[in-house]
1. Tally the residues that are part of a helix (DSSP H, G or I), out of contact with any strand residue (DSSP E or B) (no Cβ under 9 Å at 6 or more places or on another chain) and open to solvent by less than 20 Å² (accessible area, probe 1.4 Å), restricting the search to region 53-92.
2. Anything in region 446-467 that is of a type outside the set (A, V, I, L, M) and free of Cβ contacts under 8 Å to residues at least 12 places away in the same chain? List them, or say none.
3. Residue 33 - would you say it is open to solvent by 10 Å² or more (accessible area, probe 1.4 Å), at pLDDT below 95 and more than 30 Å from residue 292 (Cα to Cα)?
4. Considering each of 179, 191, 211 in turn, give the residue that is assigned by the TED database to the domain that holds residue 275 and without any contact (Cβ under 8 Å) to a residue 24 or more places away in the chain.
5. Please state which one of 226, 176 is under 15 Å from the mean Cα position of the chain (by Cα) and modelled with pLDDT of 95 or more.
6. Any residue that is polar (S, T, N, Q), closer than 25 Å to residue 34 by Cβ and either modelled with pLDDT under 95 or open to solvent by 30 Å² or more (accessible area, probe 1.4 Å) (or both) - is there at least one of those in region 241-258?
7. What's the total number of residues in region 167-191 that are part of a helix (DSSP H, G or I) and surrounded by fewer than 14 Cβ atoms within 10 Å (Cβ to Cβ)?
8. Yes or no: region 110-120 includes at least one residue that is part of a helix (DSSP H, G or I) and charged (D, E, K, R).
Amino acid sequence: MAEGSEGKSSNLSAGQASAAMSYATDITHRYPTFRDEPFKTVHNWLEGKRYDDGADSLWRINDGLYDLEEFARIHPGGAEWIQWTKGTDITEAFETHHIGQRAEQMLPKFYVRQATQPRNVRFTFHEHGFYRTLKRRIREQLGRVDPAPKEQSRRILDALIGAVLVTAYLAVRHESFAIGLICAICVNATIIAAHNFLHQRDNWRMYAFNIAFLSYREWRVSHVISHHLFPNSVLDMEISAFEPFLCYLPWADLKNSFQRYGSWFYGPFIYGSIFLSEYLKRLMDSFSQGKNRFRLDDLIPFFLPAFMYATNADRIGVILQMWLFVVLIASFLFGLIGLSAGHHHPKALHSGDLFPYVKRFEFDFFTLPNQCPFHPSVSRRHDIDFGLYQMATIVERKGVEGSLLKVLTTFGDHYLHHLFPTLDHAILPQLNGVFLATCDQFGVGKRHSSWFSQYIAQNLQLARVHAKQYQPQASHSKLPKSKTGRVYNDESASGKSL
């Protein structure tokens, strides 16, 4: 599927360049500029997107260029979503963040001209494809959804914030690291639950995400705009940010034996450093670039030790020890839960693997023209429905269904959340019937794995260096054949795990 890797960072080694040519263009025409910079930040990721996307300092949606400068001030979701993405292709963000039709109807007011080059990303949103079909049905279902459970999401996060303060006070008062451990668990749960709110329009609960040195603002880029829209790809910052220590992509040229198997031992130390390293990285970026990367809300991480001091002013030494302990343990738990939440599994699609649904729709067009979800003028070879791609990159963790507390604090309901990230987790169960019915129509389904299996699978994925490919089948009467007589089956994607 690769067509080239122009625009690569100059920091690529010969091995990296080889891997980029072989694997990196699965969903993009260009290898992302600045992806392999040794110092990875959301700012150079966005700058690389501006270089690659052909938006000419405007905002690109499909093949149109729009000027949203003035609209940013009155954008219902908040100005930053638009301000940060100036000069980039926001097609995927526009589609997933606007389930209703109002935004699409308003768009012509801001039209400037057509783009002069094709979209860099190969995702499609055909009207009768999987994603648009599901989106229409979700939009209709939302009119019948009971919004009351969203209040429960708010109450859960509020209670977690309260639990953090109570346990922080008790941990210092009794000089108890056991209570400090409970505080760390609450801090981690608070941050993950706040993740539900940073996806939504600006609200005060999104600031709870900053309680232990992470930044909701930067996560809106690295997580919402990068990871959510392009999971397990070369555009996914939650992949590239951990390289070269944790290499999730199955690129044999980019990881040696130590990187493949050493993560079993050094991985937990990386988990524990996530929070502090993100803050230090912003400090270093501010000094190196001569630009202030901090805002007033970046003082929120210091609220917890300030509260500890206000309630236990005579125990400054204990406060400092306990605060560091809480941050490190919460960071470890965040990495442990987050990195095994739903993507890093050998059965999940990663850059380099063959997209499992391309062939079926390519050949269905010739055999079932009336049912084909794509217009005949579209090239089948690079037709990657956005929703089907999302489905292929997820293996969901079992054991959290039915409990909003578990879902909110473990990145649960991963499929629907990835497809419609602005919807509160509390109402997703009411949409599950429509989702499963649409999956059944398109012949795709959810995959699950236990908590323990997810953790093991994450390490197996780190060790994997063989891309998954389709294998020819002896016979399968229900599936269309290619001109060469090969049969393609969704379940036949094989390849060694390691």
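1. Taking region 53-92 first, the residues part of a helix (DSSP H, G or I) are 53, 71-74, 79-84, 91-92.
With the extra rule that they be out of contact with any strand residue (DSSP E or B) (no Cβ under 9 Å at 6 or more places or on another chain), the set shrinks to 71-74, 79-81, 83-84.
Filter once more, so that each one left must be open to solvent by less than 20 Å² (accessible area, probe 1.4 Å): 72.
Qualifying residue count, region 53-92: 1.
2. Of the residues in region 446-467, the ones of a type outside the set (A, V, I, L, M) are 446-455, 458-459, 461, 464, 466.
The answer is 452, 453.
3. On the way: open to solvent by 10 Å² or more (accessible area, probe 1.4 Å): yes; at pLDDT below 95: yes; more than 30 Å from residue 292 (Cα to Cα): no.
Spelling it out, it is not the case that residue 33 is open to solvent by 10 Å² or more (accessible area, probe 1.4 Å), at pLDDT below 95 and more than 30 Å from residue 292 (Cα to Cα).
4. Step by step, each of 179, 191, 211 is checked, and only 179 is assigned by the TED database to the domain that holds residue 275 and without any contact (Cβ under 8 Å) to a residue 24 or more places away in the chain.
5. On the way: 176 fails: under 15 Å from the mean Cα position of the chain (by Cα).
Exactly one residue qualifies, and that residue is 226.
6. First, the residues of region 241-258 that are polar (S, T, N, Q): 256-257.
Applying the additional criterion that residues be closer than 25 Å to residue 34 by Cβ yields 256.
Now narrow it down to the ones that are either modelled with pLDDT under 95 or open to solvent by 30 Å² or more (accessible area, probe 1.4 Å) (or both): 256.
So far as region 241-258 goes, yes, one or more of its residues are polar (S, T, N, Q), closer than 25 Å to residue 34 by Cβ and either modelled with pLDDT under 95 or open to solvent by 30 Å² or more (accessible area, probe 1.4 Å) (or both).
7. We begin by selecting, within region 167-191, every residue part of a helix (DSSP H, G or I); these are 167-173, 177-191.
Going one step further and asking which of them are surrounded by fewer than 14 Cβ atoms within 10 Å (Cβ to Cβ), we end up with 178.
Selection size over region 167-191: 1.
8. Taking region 110-120 and keeping what is part of a helix (DSSP H, G or I), we get 110.
Keeping just the survivors that are charged (D, E, K, R) gives none.
For region 110-120, residues part of a helix (DSSP H, G or I) and charged (D, E, K, R): absent.
The values are calculated or read from the model by the stated rules, or taken from the named source; none is laboratory data. None of the values given here were measured: they were computed from a predicted structure. Virtual Cβ from ideal backbone geometry, glycine too; neighbours counted across all protein chains shown. For accessibility, only protein heavy atoms count, side chains too; no ligands or nucleic acids. Shrake-Rupley method; radii C 1.70, N 1.55, O 1.52, S 1.80 Å.
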